[in-house]
Structure formats: C-alpha cells, structure tokens
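Engineer: Here you go, one structure.
The values are calculated or read from the model by the stated rules, or taken from the named source; none is laboratory data. Keep in mind that this is a model prediction, so the values were computed, not measured. Methodologically, a virtual Cβ is constructed for each residue, glycine included, from the backbone with ideal geometry; neighbour enumeration extends over all protein chains shown. Ligands, DNA and RNA are excluded from the accessible area calculation, which covers all protein heavy atoms including side chains. Shrake-Rupley method; radii C 1.70, N 1.55, O 1.52, S 1.80 Å.
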Amino acid sequence: MNLLGSTAIVLEGRLFGLDAQLLFDAAITLINVFILFILLSYILFNPVRNMLKKRQDKITNDIEGAAKDREDALAMKQEYEAKLKAANKEAEGILSDARRTGEHNKQKLIDEGKEEAARIIAQANKEAELEKQKVADEVKQQIVVVAAAMASKLVSKSINESDSNALIEETLNEMGDKTWLS
C-alpha cells in the first residue's frame, strides 16, 4: 500500500483529523453542558430571576406607596391649613363679638352712671329745696316770734314812730345777727 492509501485509511475513521471517540465525547459533553445549563436555569436562574422580579416589584410598590403617602400628606396639610384658617376666622369673629359686647357694656355702664349721677343731682336738688323750704319756714317762725314780741312791747307801751323804730332795732338786736344770717 502506498503512503497515500495508508493515510486515507487512517484518515477514514477521523473527521477533520479528529478521532471518532474524541468527537463522540465532545458531543456528549456538549449535550451534558446544554442539559446542565437547562437544569441550572430552572434550579438557579429562575429563582434568582423571580427574586429580582419580586425585589423590583417591591421597590416599585414602595416608590408608588411613597408617592401616594406624599400626596396624602399634602392633602392633609392643605386640609389642616384650611381648618387653621377657619379656626383663625372663628377666633377673630369671637374676638370681634367680645369687643362689640365690651363696647356695649361700657356704653351701658356709662349711661347707667349718667342716670345715677342725674338721679343723685335731682335728689340733692330736692334735698336743697327742702332745706331751703325748712330755712324759709324757720325764718317765718322767727319773723312771727319777732312780730309777736314787738306787738307785745307795742301793746305794753304806746309809742310813736321813732320809739317804734327803736323798739324794732332793739328786738332785732336781742335776736341776734346769727338768726338772720343763717
């Protein structure tokens, strides 16, 4: 056999210059790697993917929840601000009512004071009038006493006009100045 023929025989059991057993082992290894990849994919990769998916969903939900909480907080803040404004308006109204009531009470007290002062002045005027009337009555009584005293003296003496004037002077002096000045 020739050299070419022996090479052909040796090459006949080989593909691309590789031994059939080597090719068979390489094919089995490739099949095993593929099967191992599929198994690991189901055993490891899918749980990892699921875990990552759950984590991503949780983060997304947390972000959405935070956004919703922020919106709720803003709504509550606006509601509280509105309530605060309403409370301030109500407080201002109460203060305004209190001021009006205070002014009304102040004016009422002033009016009552003026009425009381007018009543006191009227009472004082009435008392002064009564005192004046009393003094006038006392003066009249004094005049009557003086007149009676003069009459008794005139009757006891018959006198002329100069004696009569002297008698009046004498009687007035006896009564004293304080009777006429009071």
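Engineer: List pairs: first residue in segment 136-152 and closer than 11 Å to L172 by Cβ, second residue assigned to a helix (DSSP H, G or I) anywhere in the structure, Cβ distance under 6 angstrom, at least six positions apart or on different chains.
Structural biologist: If the second residue must be assigned to a helix (DSSP H, G or I), the pairs left are Q142/T179; V146/T171; A149/T171; M150/T171.
Engineer: Checking A151 against (1) open to solvent by 100 Å² or more (accessible area, probe 1.4 Å); (2) at pLDDT below 80, which test does it fail?
Structural biologist: (1)
Engineer: Could you identify the single residue in E103, E131, E138 that is part of a helix (DSSP H, G or I), within 41 Å of the chain's Cα centre (by Cα) and surrounded by 10 or more Cβ atoms within 10 Å (Cβ to Cβ)?
Structural biologist: Step by step, each of E103, E131, E138 is checked, and only E103 is part of a helix (DSSP H, G or I), within 41 Å of the chain's Cα centre (by Cα) and surrounded by 10 or more Cβ atoms within 10 Å (Cβ to Cβ).
Engineer: Please verify whether I94 is part of a helix (DSSP H, G or I), open to solvent by 90 Å² or more (accessible area, probe 1.4 Å) and out of contact with any Gly (no Cβ under 6 Å at 6 or more places or on another chain), treating the condition exactly as stated.
Structural biologist: So I94 fits the description; yes.
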